[in-house]
Amino acid sequence: MNNKITNKPSKKNLNALIIGTILILLCCFTPLLVFTLSLVGLSFFTPYLDFVLFPALLLFTFLTMWSYKKYKKKCRICDNDTSHKTNS
């Protein structure tokens, strides 16, 4: 019986950051957020959106790239560990 256990890293963090980055991109480059704010009666926030959305976009993009590198590093470590176990 083969008792090989693989500890693949979780993609939850990476997926959440990718979704967050896409949502901020939609709010930055489309009138989606402006329309939503005017729909709920908060259109007076519209001139200040750039002060929040662009730094948030940069932050989410950085965190997504960092999380992807971290995920790939864990995948390489996991692949190396499993290859050493199967060769033994």
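The values are calculated or read from the model by the stated rules, or taken from the named source; none is laboratory data. Since the model is a prediction, treat every value here as computed from it, not as a measurement. Cβ atoms come from the backbone with ideal geometry, glycine included; neighbour counts cover every protein chain shown.
Taking the range 47-70 as the range and being under 10 Å from the mean Cα position of the chain (by Cα) and either free of Cβ contacts under 8 Å to residues at least 40 places away in the same chain or over 13 Å from Leu25 (Cβ atoms) (or both) as the test, the residues that pass are Phe62, Leu63, Met65, Trp66, Ser67, Tyr68. Take the range 26-43 and flag every residue that is surrounded by 13 or more Cβ atoms within 10 Å (Cβ to Cβ) and at pLDDT 85 or above. Across the range 26-43, the qualifying residues are Val34, Leu37, Ser38, Ser43. Go through the range 44-60 and give me each residue that's loosely packed, with under 10 Cβ neighbours inside 10 Å and either modelled with pLDDT of 90 or more or farther than 17 Å from Leu32 by Cβ (or both). Across the range 44-60, the qualifying residues are Phe44, Phe51. Listed conditions (1) surrounded by fewer than 14 Cβ atoms within 10 Å (Cβ to Cβ); (2) among the polar types (S, T, N, Q); (3) at pLDDT below 85 are all met by Asn13, apart from (1).
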